[in-house]
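The block underneath contains the structure these notes are about, expressed in structure tokens.
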Amino acid sequence: MQNKFKLSVNTGFALNRFAEVEELANFYKNYLNIKFIQPTSDWLNLNMPRNFSTKHVNKINKIFSKHDLEVNSTFTGAYTRLNHLAHPDRSHQEYWVNWFKHFINVSVDLGAKYVGSHLGILTYKDNQSKKRNSILINRVLKNWKKIAEYASKKKLKALIWEPMSISREFGDTINECKKIQKKLNQKSKINFKICLDMGHGNLNSRNKKDFNPYCWLEEFANMSPVVHIKQVVKNNFAHLPFTKKNNAKGIIKASKVLRILRKNKVSDTELSLELSFKERDPIDKNLRKDVIESVIYWKKYLDKNL
């Protein structure tokens, strides 16, 4: 099977650190030496005026083209981890429906085939309510169907959503994820796929498979054109880089991930490093070398004929 895996790095780590597009593109091309970048909504400054977005996207495209960088997918960022489409106030929901349409416009202009996010977040009140399933169907999924209709007109390949780790954020167990995935695609104008996250899953579930990243990958490998990867260490929920120290303790092994993908006859997934670094030294000071080390680690296995 021909290896078509796309190794990308999500720009979440770059926010407030690489504000200039040229500087970030140079880091990706000359230090990481990779072709794909996954821009986040935060890094794209989506809350700026629309006329800013047009100029900004044109600038990004020129610089990315100069550095031979491509965008396969875009995703919401840490600062967009909000109730958004699950918010109890209808005007908030309407704002976010329009916001996602704008995100799709920007993403398509950058060449993205997939645009993604978490589905939304329920408040404590709504999550405890007996009407939780009704809220999911009549609020969250209904709003996503509106976005899907727009996405189909923009010729996106699919919308992607990320299963999370608690019930308020949706898709926290394998069975719940399957149910939601089925409902999303019922009478949808565009396919909904999954952006699997190798660090997510409900630790409180009675089913041990629900907090085993390899069980999730076995189940959803064929539904996940994009997979967020980070090192996972017991009782540490940070988005850890794949450094030698973290890899010695961590449970995410590149060889095992690729073996499962190949076993499921998947060869063209985007493996996106979604790394996060605290604003503390030496963590912040070591960021560049830790991202570089993470890319080198994954390249070593992607270059092998597994």
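Table for the structure above
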{"quantity": "Inter-label distance, nm, simple model (7 Å from Cα along the C-beta direction), S91/R50", "calculated": "2.0 nm"}
{"quantity": "L32 - accessible surface, heavy atoms, 1.4 Å probe, Å² rounded to 10", "calculated": "10 Å²"}
{"quantity": "Counted charge near K154, where neighbours are those whose Cβ lies closer than 13 Å (Asp, Glu -1; Lys, Arg +1)", "calculated": "+4"}
{"quantity": "Highest to lowest packing among 110-119, 96-105, scored as the average C-beta count within 10 Å", "calculated": "110-119, 96-105"}
{"quantity": "³J(HN,Hα) computed for each position of region 240-254 - Karplus, 6.51 cos²θ - 1.76 cosθ + 1.60, integer Hz, glycine/proline x", "calculated": "7, x, 8, 8, 4, 5, 5, 5, 5, 9, x, 9, 8, 10, 4"}
{"quantity": "Solvent accessible area, Å² - D268, 1.4 Å probe, full protein context", "calculated": "80 Å²"}
{"quantity": "Inter-label distance for N175 and K153, nm, one decimal - labels placed 7 Å from Cα along Cα-to-Cβ", "calculated": "4.0 nm"}
{"quantity": "Calculated from backbone phi, Karplus (6.51, -1.76, 1.60) coupling profile of region 71-84 in Hz, x at Gly/Pro", "calculated": "10, 8, 8, 10, 8, 5, x, 4, 7, 10, 7, 10, 4, 4"}
{"quantity": "Mean-position separation - Cα centroids, region 8-67 and region 237-281, in angstrom", "calculated": "22 Å"}
{"quantity": "Within region 1-77, trypsin sites (Lys or Arg not before Pro) in DSSP loop having at most 14 other beta-carbon neighbours inside 10 Å", "calculated": "K4"}
{"quantity": "Formal net charge of residues neighbouring K131 (Cβ-Cβ distance under 13 Å; K, R +1; D, E -1)", "calculated": "+3"}
{"quantity": "Surface accessible to a 1.4 Å probe, per residue, for the residues of the chain, Å²", "calculated": "50 Å²"}
{"quantity": "Exposed GluC sites (Glu not before Pro) absent - longest run of the chain, DSSP non-H/G/I/E/B, at most 10 other C-beta within 10 Å", "calculated": "21-278"}
{"quantity": "Equivalent ellipsoid semi-axes, region 139-273, via Cα gyration tensor eigenvalues times 5, rooted, Å", "calculated": "27, 17, 13"}
{"quantity": "Evaluated at q = 0.10, 0.13, 0.23 Å⁻¹: base-10 log I(q)/I(0), Debye formula over Cα of region 95-198", "calculated": "-0.27, -0.45, -1.31"}
{"quantity": "Surface share of carbon and sulfur [accessible, 1.4 angstrom probe, percent] for region 30-117", "calculated": "48 percent"}
{"quantity": "Computed over the chain, Kirkwood Rh from alpha-carbon pairs, angstrom", "calculated": "19.8 Å"}
{"quantity": "Rg/Rg_globular for region 1-151, with Rg_globular taken as 2.2 N^0.38 Å and Rg from C-alpha atoms", "calculated": "1.16"}
{"quantity": "Gain in span if fully extended, I166 to K189, counting 0.36 nm per residue against the direct Cα distance", "calculated": "5.5 nm"}
{"quantity": "Virtual spin-label span in nm between K263 and S65, 7 Å along Cα→Cβ", "calculated": "4.4 nm"}
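The values are calculated or read from the model by the stated rules, or taken from the named source; none is laboratory data. In this text, all values refer to a predicted model and were calculated from it rather than measured experimentally. Here the Cβ is made from the backbone with ideal geometry for all residues, glycine too, and neighbour counts use every protein chain on show. Heads up: the accessible areas ignore ligands, DNA and RNA and are worked out on the full protein's heavy atoms, side chains in. Shrake-Rupley method; radii C 1.70, N 1.55, O 1.52, S 1.80 Å.
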